[in-house]
Amino acid sequence: MAWLDCIFSDISISGCIIFKIKIFMRKSLLRKIKDAKKAPVLVLGMGPTALAVIRDLGRRGIPVIGVDSYWWMIGFYSKYCNKLALLDPEKNENELFKVLLDYGEALERKSVLFAIDDNFIAFLSKYAHRLRSYYRFPLTAEDYERKFLNKRNFYQLCKQRGISFPITYFPNSLEEVKDISQKVPFPCIIKPVYSHIWAKRFKVTKAIKINSPKELLHTYKKISLSLSNTELMIQEVIGGGDDRIYLCAIYLDSSGEPLSVFTGRTIRQYPPDFGTKCLAEGFKDNYIAKLSIEILRKIGFCGICGVEFKKDPKDGQLKIMEVNPRVVRWYGLTEACGVPVIYTAYKDLIGEKQPKWKSSKWVQKHKKWISFWRDIASSLLYICRDQLSFRDWIGSLKGRKELMFGLDDISLFLYFPFYVTFKTITSLIERLKYKIFVES
């Protein structure tokens with residue numbers, strides 16, 4: 001049995017070496033952060049959405065530190081990002097909290113904290129009151145999960161405040177679904193009350209489109225069995241294409257005053273209808289800006305967020321689709337259009353007084369933002385549906401564009417092909433799983 005002792009001894013030694021390397025790297029990171037002139041930023045979530053924060057602040061010489069659950073997340077490969085830890089906010093909740101406390105205590109000044117992913121938003125909502133001693137983030141962060149991640153609470157709040165939104169039902173049983181199937185207009189969609197929980201099971205779509213009462217009952221049964229104890233919602237589909245979706249990126253200070261506002265429009269999503277933006281454009285729209293500010297004040301929000309509306313062809317009204325209490329994927333467009341929403345949020349959180357936003361002094365360039373590989377996939381689907389011609393696709397790409405990654409970030413540029421290949425393969429696998437589920 002001596003060889004077993006030898007193996008376990010080697011494992012112990014190698015484990016000790018790895019542990020010491022991690023300690024050394026963290027100490028080296030702390031020295032680097034302490035020597036920096038500007039207050040550091042901690043970003044929870046290193047997916048593509050994080051790139052807007054990493055680049056906007058990193059290019060200004062602000063130290064950016066990242067945390068995520070997976071080593072392959074693209075944000076880690078930016079030259080502007082320093083990795084702090086690989087921890088899942090659910091599986092490693094206590095360990096993540098301890099790491100953030102230890103990191104916060106080790107620094108001589110508070111870091112600004114941006115939670116990018118919904119799982120990290122839920123984590124921050126839970127621990128906000130205990131982390132506030134070491135980090136700077138909006139005062140209403142404790143309410144983010146209750147008010148915004150929980151769609152039932154969000155739409156109830158909209159109803160109480162007189163905010164227009166799509167017809168929505170929250171069934172508690174199959175009997176209630178049968179009743180709803182006689183009232184809801186078709187097509188409709190089934191989606192979760194908590195999107196980030198749904199995403200763990202159905203990674204390729206945010207909602208399932210339903211065309212008949214029979215299909216609604218059948219799909220509800222299947223999802224209930226597949227995702228036990230998951231609250232579901234049934235919502236009407238607002239007609240028209242993805243180009244009827246309007247966007248507002250905004251930062252409101254602790255008193256609810258807007259300090260930076262950006263408006264834009266979706267051109268395409270991937271997947272179409274119920275996906276995330278892959279081609280969008282920025283343009284000034286005072287009505288959308290003022291409507292967003294009014295809604296956020298009504299629901300008591302302060303901080304950085306992305307608001308989405310869809311224009312209903314039936315009555316011409318803008319219906320609110322969601323408020324994301326965080327930076328969203330298309331935020332890279334804001335800086336490109338000359339509206340530094342993220343940097344304004346950073347400066348306000350570190351205590352630098354910022355001028356209030358005024359529509360009369362609002363300056364915003366017209367520019368497009370694109371995620372090329374996702375837009376190609378999306379465009380092929382639109383073309384197959386006869387909703388887009390090749391000529392129109394080429395035409396939609398004209399104009400000044402902001403890429404999802406910057407050419408000044410060479411390490412990210414080199415990693416990008418591997419990331420796209422990996423995501424494409426995993427996406428195809430997930431689509432196959434989803435197709436099997438839908439057709440079963």
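The values are calculated or read from the model by the stated rules, or taken from the named source; none is laboratory data. Every value quoted in this text rests on a predicted model; they were computed, and no experiment measured them. No Cβ is skipped: glycine too gets one built from the backbone with ideal geometry, and neighbour counts run over all protein chains shown.
Points to keep in mind about this one:
- Residue count for segment 347-400 under the criterion of being assigned to a loop (DSSP other than H, G, I, E, B), under 28 Å from PHE137 (Cβ atoms) and of a type in the set (S, T, N, Q): the result is 3.
- Residue within segment 278-295 that is within 21 Å of LEU149 (Cβ to Cβ) and assigned to a loop (DSSP other than H, G, I, E, B) present: no
- If you go through segment 174-193 and pick out every residue that is surrounded by fewer than 18 Cβ atoms within 10 Å (Cβ to Cβ) and assigned to a loop (DSSP other than H, G, I, E, B), you end up with 5.
- Inter-residue pairs, beta-carbon under 7 Å, first more than 19 Å from LYS151 (Cα to Cα) and in segment 301-324, second of a type in the set (A, V, I, L, M, F, W, C) and part of a loop (DSSP other than H, G, I, E, B), 6+ apart: ASP312/ILE238
- Candidates ILE167, ILE163 - the one that is out of contact with any Lys or Arg (no Cβ under 6 Å at 6 or more places or on another chain), farther than 25 Å from TRP330 by Cβ, among the hydrophobic types (A, V, I, L, M, F, W, C) and surrounded by fewer than 21 Cβ atoms within 10 Å (Cβ to Cβ): ILE167
- Taking segment 232-257 as the range and being among the polar types (S, T, N, Q) and either in a strand (DSSP E or B) or within 30 Å of PRO171 (Cα to Cα) (or both) as the test, only GLN235 passes.
- Residue within segment 377-395 that is in contact with a strand residue (DSSP E or B) (Cβ under 7 Å, 6 or more places away or on another chain), surrounded by 13 or more Cβ atoms within 10 Å (Cβ to Cβ) and hydrophobic (A, V, I, L, M, F, W, C) present: yes
- Residue selected from segment 199-222 under the condition in a helix (DSSP H, G or I) and in contact with a helix residue (DSSP H, G or I) (Cβ under 9 Å, 6 or more places away or on another chain), by the criterion modelled with the lowest pLDDT: LYS222
- Pick from segment 119-149, criterion part of a loop (DSSP other than H, G, I, E, B) and surrounded by 18 or more Cβ atoms within 10 Å (Cβ to Cβ), ranking: modelled with the lowest pLDDT: THR140
- From the options ILE267, ILE295, ILE304, ILE250, residue that is β-branched (Val, Ile, Thr), under 15 Å from VAL323 (Cα atoms) and more than 16 Å from the chain's Cα centre (by Cα): ILE295
- Segment 198-246, residues that are closer than 16 Å to ASP118 by Cα and in contact with a Ser or Thr (Cβ under 6 Å, 6 or more places away or on another chain): none
- Selected residue [touching a strand residue (DSSP E or B) at 6+ places or on another chain (Cβ under 6 Å), polar (S, T, N, Q) and either within 21 Å of TYR346 (Cβ to Cβ) or not assigned by TED's automatic domain parsing to the domain that holds SER292 (or both)] from SER125, SER133, SER111: SER111
- Contacts under 9 angstrom Cβ, first residue in segment 398-421 being assigned by TED's automatic domain parsing to the domain that holds SER371 and at pLDDT below 85, partner of a type in the set (Asp, Glu) and surrounded by 17 or more Cβ atoms within 10 Å (Cβ to Cβ), 6 or more apart: GLY399/GLU281; GLU402/GLU335
- Test: ARG146 is basic (Lys, Arg), in contact with a Lys or Arg (Cβ under 6 Å, 6 or more places away or on another chain) and under 24 Å from GLU308 (Cβ atoms): no
- If only residues of segment 92-118 that are touching a residue at least 60 places away in the same chain (Cβ under 8 Å) and either assigned to a loop (DSSP other than H, G, I, E, B) or touching a Cys at 6+ places or on another chain (Cβ under 8 Å) (or both) are counted, the one that is surrounded by the fewest Cβ atoms within 10 Å (Cβ to Cβ) is GLU108.
- Entry remark, segment 35-51: residues being closer than 23 Å to ALA128 by Cα and either of a type in the set (A, V, I, L, M) or not in a loop (DSSP other than H, G, I, E, B) (or both) number 7 in total.
- Filter pass, ASP348 being closer than 20 Å to GLY303 by Cβ and not assigned by TED's automatic domain parsing to the domain that holds THR424: yes
- Near pairs, Cβ below 8 angstrom, 6+ apart or cross-chain, from segment 339-351 (under 22 Å from GLY282 (Cβ atoms)) to any residue that is among the hydroxyl-bearing types (Ser, Thr, Tyr) and part of a helix (DSSP H, G or I): PRO340/THR334; VAL341/TYR331; VAL341/THR334; ILE342/TYR331; ILE342/THR334
- Exactly one residue out of THR334, THR344, THR263 is assigned to a helix (DSSP H, G or I) and touching a helix residue (DSSP H, G or I) at 6+ places or on another chain (Cβ under 7 Å), and it is THR334.
- Total residues in segment 160-189, condition farther than 16 Å from ILE234 by Cα and charged (D, E, K, R): 1
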